[in-house]
Structures are given as structure tokens and as C-alpha cells.
């Protein structure tokens, strides 16, 4: 299994942590975890070979993992703006978004409210 790189950035008023599997020549896939998980929730997909086919960007959403845990500001818009800031930091105009549970709902929210930033979505377990 390929090694990942830890990154820490400031975006949308918070410190955001994300991990990257840096296949620079592959399409970008941003994976967003469920409400009580963190960036390492996708370890099984990575172990199954997903990182061989994509440049994976996997943030700890606000309030989880190594990202800031503010007292307030946990709306879908807040989370979406965090991801937009991450994309801007990476120089990405648009990306494929994948999400599980809350991350799936966030992917749908972003596709509806920021359609130019979302190439497509791949969601699971979100009850959409």
C-alpha cells in the first residue's frame, strides 16, 4: 500500500488536516468521511487499491481528527466552504467528490450549491 502525506492548512477560519496519496498524474478524488469518523476511515478502500488509480485527498472534516474543533459553525455550508478552501489551496477548479454517510450528504450539498466545483459524486450510506 502506498504511503500518504499529512498536510495542515488554514481555510475558512479553521485549521484543516488532510491526508494525500500523491499520484499526481491520476485524477483527483476527494473523499469525505461520516460524522463520527476521520480521514483514516477509508483505509480499506486504500488497501484495496483505490490510491493506485487516483490522487486521493482525504480531509478530517471540521470537528474531527486533527482538524480544529470550533464551538460553533458546523452547517453544511461551513463544511462545504472548508472543502472549497482545500480545493483552492490545491489549485483545483473542480474535483470528483466521494463521501460516506455525512460525507455523502456533504457531496450532494456541494453538487447542488457549488456545481462548477464538482465534476461528479460517488456516495454511499447517506440515505439520500
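The values are calculated or read from the model by the stated rules, or taken from the named source; none is laboratory data. Here the structure is a predicted model, which is why all the values come from computation and not from measurement. Here the Cβ positions follow ideal geometry from the backbone for every residue, glycine too, while neighbour counts run over all protein chains shown.
Flag: residue 89 matches the condition of being over 12 Å from the mean Cα position of the chain (by Cα), modelled with pLDDT of 95 or more, outside any strand (DSSP E or B) and within 24 Å of residue 24 (Cα to Cα). Screening 105, 90, 35 for residues that are under 15 Å from residue 5 (Cα atoms) and either buried (at least 16 other Cβ atoms within 10 Å of the Cβ) or touching a helix residue (DSSP H, G or I) at 6+ places or on another chain (Cβ under 7 Å) (or both) leaves exactly one candidate, 90. Is it fair to say residue 82 is at pLDDT 95 or above, surrounded by fewer than 20 Cβ atoms within 10 Å (Cβ to Cβ), closer than 18 Å to residue 19 by Cβ and out of contact with any helix residue (DSSP H, G or I) (no Cβ under 8 Å at 6 or more places or on another chain)? The answer is no for residue 82.
The set of residues in region 54-83 being part of a helix (DSSP H, G or I) and touching a residue at least 60 places away in the same chain (Cβ under 8 Å) consists of 78, 81, 82. For region 1-53, a residue qualifies if it is under 14 Å from the mean Cα position of the chain (by Cα), assigned to a loop (DSSP other than H, G, I, E, B) and more than 20 Å from residue 108 (Cβ to Cβ), and exactly one does: 38.
Residue 60 satisfies every condition listed in (1) under 12 Å from the mean Cα position of the chain (by Cα); (2) farther than 25 Å from residue 115 by Cα except (2).
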